[in-house]
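Visitor: Below you'll find the structure I mean.
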Protein chains: 2
Amino acid sequence: MTTQGYNVAVVGATGAVGEKMLETLEKKNFPINELHLLSSKRSAGKEITFKGTAYTVKEATPESFENIQIALFSAGGSVSKALAHEAVKRGAVVVDNTSAFRMDPEVPLVVPEVNEEDIAKHNGIIANPNCSTIQMVAALKPIQEQFGLSRVIVSTYQAVSGAGTKAVNELQEQSKAFLDGEELEPEILPVSGEKKHYPIAFNALPQIDVFQENGYTFEEMKMINETKKIMHDSSIKVAATCVRLPFFTSHAESVYVEVNNDNVTVEQIQEAIKNAAGVVLEDDTENQVYPTPLSAAGKPDVFVGRVRKDLDNSKGFHLWVVSDNLLKGAAWNSVQIAESLIKNNWLQK
Amino acid sequence: MTTQGYNVAVVGATGAVGEKMLETLEKKNFPINELHLLSSKRSAGKEITFKGTAYTVKEATPESFENIQIALFSAGGSVSKALAHEAVKRGAVVVDNTSAFRMDPEVPLVVPEVNEEDIAKHNGIIANPNCSTIQMVAALKPIQEQFGLSRVIVSTYQAVSGAGTKAVNELQEQSKAFLDGEELEPEILPVSGEKKHYPIAFNALPQIDVFQENGYTFEEMKMINETKKIMHDSSIKVAATCVRLPFFTSHAESVYVEVNNDNVTVEQIQEAIKNAAGVVLEDDTENQVYPTPLSAAGKPDVFVGRVRKDLDNSKGFHLWVVSDNLLKGAAWNSVQIAESLIKNNWLQK
């Protein structure tokens with residue numbers, strides 16, 4: 001470690017999240033000594049400019065991590081499974097933005113505004129939660145802290161960029177064709193690699209990731225299990241329905257919560273959210289103020305609006321939570337974890 | 001009443017729902033003697049072809065309803081308030097597809113598969129429920145009947161056609177502009193006539209209809225109040241979050257329900273839905289089978305998929321409900337009510 005900064009590797013540098021990782025490192029002026037851009041063999045050789053300097057992307061191998069202190073992984077679960085431990089073996093601390101290690105009891109799963117202290121317990125790997133989980137728990141944390149939290153029922157409205165660059169292109173091309181009165185055979189969504197594909201343009205697909213035996217999708221199970229782990233409370237009842245929609249950026253969520261106290265007011269919930277780190281209250285129905293996917297795109301915060309009390313359950317509240325899925329939902333949160341490792345001296349174990 | 005059929009007036013014949021009313025009357029071969037197409041002054045004079053005959057649309061006035069037996073209203077609440085009683089005074093029975101009379105205790109609010117018998121109690125006016133309510137109660141009815149129903153929490157995914165022809169055009173033009181890298185000033189959505197407008201293309205707007213003092217939108221309150229009235233149970237706890245999305249046709253709904261019995265299985269819920277009138281089960285996650293807005297468009301049924309048990313509450317289930325908002329959500333349901341009036345001899349009081 002030099003005073004100039006750290007040797008940082010970005011694995012999956014050519015992907016949608018990788019691109020945002022580099023933007024975030026630049027924006028936050030992250031202390032970098034050497035930057036190594038890594039990818040699959042297929043994408044190796046591409047050139048990427050960072051702070052005015054051109055870098056050639058190299059194929060990620062175990063040896064790529066020699067002399068790396070911080071490795072930001074975002075190249076899919078199989079790459080993380082193959083290489084994260086190799087990186088740790090060589091002295092790097094890995095911040096992994098895939099589902100590979102999220103539910104591993106040895107691996108902290110962290111949203112810094114919610115459970116930053118868990119980073120200290122790492123054994124070389126810290127997992128970045130699923131995008132739709134991150135923004136929800138960031139909004140729920142101040143509620144849990146001040147009023148208790150016993151129940152969450154969420155229905156999501158998720159952007160195609162969460163399914164990668166090919167899905168973004170599919171929405172774009174399909175939409176153009178549809179508006180020209182033509183039809184394009186769907187090939188990517190809902191899940192690249194699945195047997196069936198459905199049109200996403202001017203449609204809604206109630207499937208994100210593959211189905212589990214219990215009838216839930218893997219995305220829904222991620223939201224359920226990760227929320228309990230991050231919030232340190234396996235007794236919170238969580239249910240999720242995840243839906244892919246025809247927009248490019250930001251996930252939105254209709255969230256129902258039950259607190260532990262009968263006498264909480266909407267104003268108290270709004271105040272708690274307003275004062276929470278990383279969360280912005282945009283809630284003024286009289287003036288039609290609420291967040292939307294387009295208004296949140298490109299911003300690092302989690303936006304909350306439409307806070308209202310359930311009409312039947314005095315402990316129930318409804319919220320509308322929106323955030324850029326590639327920033328707070330992925331790259332921004334990963335870099336925040338890396339910053340916390342440095343700031344708190346948690347890099348060395 | 002002649003054996004050839006009935007004198008029928010369609011009020012709002014030039015609108016999005018009016019068009020579907022005529023399509024439905026034709027498709028169902030509704031017994032029509034004289035057909036009168038009525039509209040606001042602005043749209044009067046237009047020509048519309050029905051079963052090969054051209055009709056000139058006339059301005060709706062009190063006198064338009066002389067000698068009419070069945071009047072299908074779908075020209076906005078103010079037109080219904082001004083003219084429905086005039087039609088009744090002249091001997092017509094009104095099926096009203098606006099919110100003008102829905103919560104009037106003297107006016108039955110009817111989805112034929114749910115509460116057809118209420119039609120008999122009419123005093124000249126029968127109200128057609130809100131589109132998003134109709135498809136939900138059609139799906140919930142078999143569950144209520146067989147297992148009891150105590151709680152409903154719904155998040156909607158609603159098509160722009162529910163906001164009228166101008167909203168449809170706005171989505172189309174805005175989407176084209178967006179894909180061409182241009183920007184079009186929003187003018188219609190979320191609510192025509194409101195102060196602020198937001199882009200709908202590649203976005204999601206958590207506002208349908210105007211906000212009430214309690215923080216809910218009028219659309220959300222419609223779903224809450226109408227459900228209790230149609231299902232004849234004001235003790236059912238209902239919560240709704242209504243969201244406008246960038247697709248043209250069909251509303252989708254993520255619905256959480258609680259039944260009154262601990263031992264109900266997913267298979268029993270699926271079986272109940274499968275056997276219900278007007279409802280089609282499309283639920284086979286192993287083969288990625290579930291309804292979508294595009295797959296339901298143009299069909300008169302309500303489609304249900306993604307049936308699964310809540311993981312924490314043994315009385316809780318999650319469903320995904322999709323239907324064409326202009327057909328079962330509006331025109332189809334209205335014409336079903338008119339058919340029931342005839343079939344059951346409920347036209348005369």
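Here, each number is a calculation from the coordinates, and none is a lab measurement. The model shown is predicted, which means the values in this text are computed figures rather than measured ones. Using ideal geometry, Cβ is built from the backbone for each residue, glycine included, and neighbour counts are taken over all protein chains shown.
Visitor: Over the whole of A:214-223, what's the average partner chain Cβ count within 10 Å per residue? Rounded to a whole number, please.
Guide: Values: counts 5, 9, 6, 3, 0, 0, 4, 1, 0, 0.
Neighbouring Cβ atoms belonging to other protein chains average 3 per residue here.
Visitor: Considering the Cα positions of segment B:230-328, please state its Rg to one decimal place and its Dmax as a whole number of Å.
Guide: 14.1, 40
Visitor: For labels at A:Thr165 and A:Glu182 in the simple 7 Å Cα→Cβ model, what's the distance in nm?
Guide: The answer from the label model is 2.3 nm.
Visitor: Please provide three numbers in whole Å: the alpha-carbon extents of segment B:133-325 along the principal axes, with the largest listed first.
Guide: 55, 42, 30 Å, listed from the longest principal axis down.
Visitor: What are the residues whose amide H is under 5 Å from the amide H of B:Val238, where those residues sit 5 or more places off or on another chain and H is modelled from the backbone?
Guide: Residues meeting the amide H criterion: B:Val152.
Visitor: Same structure, new question: Can you list the aspartates and glutamates whose alpha carbon is less than 16 Å from that of A:Lys58, not counting same-chain residues fewer than 8 positions off?
Guide: A:Glu19, A:Glu34, A:Glu47, A:Glu66
Visitor: Taking the number of other C-beta atoms within 10 Å as the exposure measure, put A:Leu35, B:Leu83 in order starting with the fewest.
Guide: Values: A:Leu35 20, B:Leu83 23.
Going from least to most buried by this count: A:Leu35, B:Leu83.
Visitor: Still on this model: Run the label-point distances for A:Asp312 please: 7 Å along Cα to Cβ, every other copy, nanometres, shortest first.
Guide: Result for A:Asp312, in nm, nearest copy first: 1.7.
Visitor: From the phi of every residue in segment A:80-95, what ³J(HN,Hα) in whole Hz does the Karplus formula 6.51 cos²θ - 1.76 cosθ + 1.60 yield, where θ is phi - 60° and glycine or proline is x?
Guide: 4, 4, 6, 10, 4, 5, 4, 5, 5, 3, 8, x, 7, 9, 9, 9
Visitor: With an 8 Å Cα cut-off and a minimum separation of 6 or more residues, compute the relative contact order for segment B:56-104 in percent. Numbers along the way, then the final one.
Guide: Working: 61 pairs, mean separation 20.3, N = 49.
About 42 percent, as a whole number.
Visitor: To the nearest whole number, what is the average tally of beta carbon atoms from other chains within 10 Å of the beta carbons of peptide B:308-321? Write down the numbers at each step before the final one.
Guide: On the way: counts 9, 4, 4, 10, 10, 4, 0, 0, 3, 0, 8, 1, 6, 0.
Counting other chains' Cβ atoms within 10 Å and averaging over B:308-321 gives 4.
Visitor: Then there's this: Rounded to the nearest 500, what is chain A's calculated 222 nm mean residue ellipticity when only DSSP H runs of at least 4 contribute -39500 (n - 2.57) each, over all residues?
Guide: On the way: 9 runs with 99 residues, N = 349.
Taken over chain A, the calculation gives -8500 deg cm²/dmol.
Visitor: Let me ask something else. Given a Förster distance of 25 Å, report the FRET efficiency between A:His232 and A:Asn261 from their Cβ-Cβ distance, rounded to the nearest 0.05.
Guide: Approximately 0.80, to the nearest 0.05.
Visitor: Rounded if a/c is under 1.5, else prolate if a/b is larger than b/c, else oblate: which is segment B:267-312, with a ≥ b ≥ c the root eigenvalues of its Cα gyration tensor?
Guide: Values: a/c = 2.24, a/b = 1.35, b/c = 1.66.
Here segment B:267-312 falls in the oblate category.
Visitor: So, one more: With each label point set 7 Å from Cα along the Cα-Cβ vector, what nm distance links A:Ala82 and A:Asn313?
Guide: Distance between label points: 4.5 nm.
Visitor: Also: Post the alpha-carbon centroid distance, segment B:52-71 to segment A:23-64, in whole angstrom.
Guide: Rounded to whole Å, the Cα centres lie 71 Å apart.
Visitor: Can you order the peptides A:315-325, B:318-328 by their average number of other Cβ atoms within 10 Å per residue, highest first?
Guide: On the way: A:315-325: 25.6, B:318-328: 27.8.
Descending mean neighbour count gives B:318-328, A:315-325.
Visitor: Here is a further query. I need the phi-derived Karplus couplings for segment A:267-278: 6.51 cos²θ - 1.76 cosθ + 1.60, θ = phi - 60°, integer Hz, Gly and Pro marked x.
Guide: Karplus-based 3J(HN,Hα) across segment A:267-278 equals 4, 5, 5, 4, 5, 4, 5, 4, 8, 7, 5, x Hz.
Visitor: Which residue of chain B is nearest the rotation axis onto chain A, counting by its Cβ, and what is the distance in whole Å?
Guide: Per the Cβ-to-axis criterion, the result reads B:Ser155, 2.
Visitor: Let me ask something additional. Below 13 Å, Cα to Cα, which aspartates and glutamates can B:Lys20 reach? Residues fewer than 8 away in the same chain don't count.
Guide: Counting by Cα, and skipping residues close in sequence, B:Lys20 has these aspartates and glutamates nearby: B:Asp324.
Visitor: Here's another thing I want to ask about it. Would you mind listing the distances between the B:Ser150 label point and the same position in each other copy? Use 7 Å along Cα-to-C-beta, nm, one decimal, shortest first.
Guide: Result, one decimal in nm: 1.3.
Visitor: What residues have an amide H closer than 5 Å to that of A:Asn7, excluding those fewer than 5 places away on the same chain, when H is modeled at 1.01 Å from N in the peptide plane?
Guide: HN-HN under 5 Å from A:Asn7: A:Asn33, A:Glu34, A:Gln69, A:Ile70.
Visitor: Right, another one. Indicate the gyration tensor shape class of chain B (rounded, prolate or oblate), computed on the Cα atoms with a ≥ b ≥ c the square roots of the eigenvalues: a/c under 1.5 is rounded; otherwise a/b larger than b/c is prolate and the rest oblate.
Guide: Numbers: a/c = 1.74, a/b = 1.23, b/c = 1.42.
Since a/c reaches 1.5 but b/c is at least a/b, the shape of chain B is classed as oblate.
Visitor: For segment B:249-297 and segment B:80-149, compute the distance between their C-alpha centroids and round to whole Å.
Guide: Measuring centre to centre over Cα atoms gives 24 Å.
Visitor: Is there a simple number for the mean count of other chain Cβ atoms within 10 Å of the Cβ of residues in A:282-289, and what is it?
Guide: Details: counts 0, 1, 1, 10, 3, 3, 11, 1.
Going residue by residue through A:282-289 and averaging, the value is 4.
Visitor: Could you work out the relative contact order of segment B:1-44, using alpha carbon pairs under 8 angstrom and six or more residues apart, expressed as a whole percent?
Guide: On the way: 50 pairs, mean separation 23.3, N = 44.
It comes to 53 percent, rounded to a whole number.
Visitor: Taking just the C-alpha trace of the protein assembly as shown, give me its Rg and Dmax in Å.
Guide: Expressed in Å, the Cα Rg and Dmax of the protein assembly as shown come to 27.3, 96.
Visitor: Based on the Cα gyration tensor of segment A:1-107, what are the three equivalent ellipsoid semi-axes, each the root of five times an eigenvalue, rounded to whole Å and given largest first? Please report the intermediate quantities before stating the final value.
Guide: On the way: eigenvalues 81, 52, 35 Å².
Result for segment A:1-107: semi-axes of 20, 16, 13 Å.
Visitor: Another question, if that's okay. Would you work out the charge dipole size for segment B:133-325 about its Cα centre, treating the Cβ of every Lys and Arg as +1 and the Cβ of every Asp and Glu as -1, and quote it to the nearest 20 debye?
Guide: Working: 17 positive and 28 negative charges, 94 e Å.
It comes to approximately 460 debye.
Visitor: Binned at 5 Å from 0, what are the whole-percent values of the Cα-Cα distance distribution for segment B:90-141, short to long?
Guide: 4, 22, 31, 25, 13, 3, 1, 0
Visitor: Sticking with this one: Once Lys and Arg get +1 and Asp and Glu get -1 on their Cβ, which of B:Ile119, B:His251, B:Leu184 lies farthest toward the positive end of the dipole of segment B:116-266?
Guide: Of the options given, the answer is B:Ile119.
Visitor: Find every distance from the label point of B:Lys166 to the corresponding label point in the other copies (7 Å from Cα along Cα→Cβ) and write them in nm, one decimal, shortest first.
Guide: Those label-point separations list as 4.3 nm.
Visitor: Give A:Lys166/A:Lys195; A:Lys315/B:Lys81; B:Lys176/B:Lys196; B:Lys274/B:Lys299 a once-over and call out the pairs whose C-alpha atoms are over 27 Å from each other.
Guide: Working: A:Lys166/A:Lys195 17 Å; A:Lys315/B:Lys81 39 Å; B:Lys176/B:Lys196 22 Å; B:Lys274/B:Lys299 17 Å.
Listed pairs above 27 Å: A:Lys315/B:Lys81.
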